[in-house]
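Chemist: Below is the structure I would like to discuss, written out as C-alpha cells.
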Amino acid sequence: KLWDLRSPTFSRSFDSRGAVNSVALHPSQAEIISGDQNGSVKIWDLGSAKCINDIVPDAQSSSTSSEGRVSIQSVDVSADARTLVAANNHAEVFVWNPSDATKKTQQSNEPLRPLAKFRAHPLGAYLLHARISPDCRHLVTTSSDKTVRLWDTSTWQLTQTLSQHSKWVWDAVFSADSSYLVTASSDRTARLWNFRTGTPVRHYTDHDYAVTCVALNDSST
C-alpha cells in the first residue's frame, strides 16, 4: 500500500497475490518494486497501480511456496537507477538493469535474464536482508550464518565478511556517505562498522531481546 501521511488512509493498493516481504521505491518515484513469498519480483506503475512486469528468478534452491518457487526475501534499487537486486531466502542474489525490466513488453514471452546471479551465503543459510550502498558501489547481505557480507557491484565479487555477531544478522544500513555500516542481530546487539577498514567502532548492547531492524540518521541537513 502507498500511504499519504496527511491522510488517515492509503492512496494506492497493489495486489501482489502473495505475502510481500520487501519493497523498494525506484529513484524516479514513478515505480515501486516488490518481492513476495510466491517467488515473484513485481514492478508496479505508481500512477496506474498496475503491475508492468512480473519477474520470476530461476532459483536453484528447493521451493518454499505452493507454486514451486523460492520466496524473495529482499529487493533494492540503486540510487543511480542502474541496478535492481533481488535476493531469495536461500541466499541466491539476482541482478538486473531496471530499465530492461521496465521495457519488457507483453509481446515477449522470453524471461528477463539477470545480468548477474550468485550465492551470497553458504547452502543451508538464510539470507535476511540485502541493500545497495548510497554510492552504488557495494551490496551488503545479512544472514542466519551470523555474517555480514559486502560485494563489489562492478564485479559482484565478495570484498569483505564481517563475522563478529554471534547469532543471526537481520538488518544492515549504510551511512549517507557509504563510509559506515550499522548491523542488527539476534545476539541483542547493534554494531557500527568502519566500512573502509571492516572494523567495529561502536557496540550497542542495551537491548533485552533480538535486534531485527535498524535505521541510521546521519543527514547533515
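The values are calculated or read from the model by the stated rules, or taken from the named source; none is laboratory data. Source: prediction; values computed, not measured. Note that each Cβ is placed from the backbone with ideal geometry, even for glycine, and that neighbours are counted across all protein chains shown. Heavy atoms of the whole protein, side chains included, go into the accessibility calculation; ligands, DNA and RNA do not. Shrake-Rupley method; radii C 1.70, N 1.55, O 1.52, S 1.80 Å.
Chemist: Using a probe radius of 1.4 Å on heavy atoms only, what accessible surface per residue do you get for the chain? Whole Å² is fine.
Modeler: Numbers: 11750 Å² over 221 residues.
With all protein chains present, the chain gives 53 Å² per residue.
Chemist: Here is a further query. Taking the structure as given and computing semi-axes √(5λ) of the Cα gyration tensor in Å, which label from (i) 28, 26, 15; (ii) 41, 30, 18; (iii) 28, 20, 18 fits?
Modeler: Checked against the structure: label (iii).
Chemist: Compare 42, 50, 146 in a GNM of the chain, Cα atoms joined below 10 Å, and give the one with the largest fluctuation.
Modeler: Of 42, 50, 146, the Gaussian network model singles out 50 as fluctuating most.
Chemist: Quantify, in whole percent, the carbon and sulfur part of the accessible surface of the chain (1.4 Å probe; protein heavy atoms only).
Modeler: Numbers: 5540 of 11750 Å².
For the chain, the apolar C and S fraction of the accessible surface comes to 47 percent.
Chemist: Note down the magnitude of the dipole of the chain about its Cα centre, charges +1 on Lys and Arg C-beta and -1 on Asp and Glu C-beta and zero elsewhere, to the nearest 20 debye. Please report the intermediate quantities before stating the final value.
Modeler: Details: 22 positive and 22 negative charges, 23 e Å.
Dipole size: approximately 120 debye.
Chemist: Hey, can you rank 199-209, 127-137, 22-32 by average C-beta count inside 10 Å, highest first? If you can, show how the numbers build up before the last one.
Modeler: Values: 199-209: 10.4, 127-137: 20.5, 22-32: 15.7.
The most tightly packed comes first, giving 127-137, 22-32, 199-209.
Chemist: Continuing with this model, one more query. Anyone know which of 125, 190, 86 comes out most mobile in the 10 Å Cα GNM of the chain?
Modeler: Taking springs between Cα atoms under 10 Å, the residue moving most is 125.
Chemist: Percent relative contact order of the chain, based on C-alpha pairs within less than 8 angstrom and at least six residues apart? All intermediate terms of the calculation are to be shown ahead of the outcome.
Modeler: On the way: 546 pairs, mean separation 22.6, N = 221.
Averaging sequence separation for qualifying contacts and normalising by length gives 10 percent for the chain.
Chemist: Got the relative contact order for the range 132-211 handy, in percent, Cα pairs under 8 Å and 6 or more residues apart?
Modeler: Working: 183 pairs, mean separation 16.6, N = 80.
Relative contact order comes out at 21 percent.
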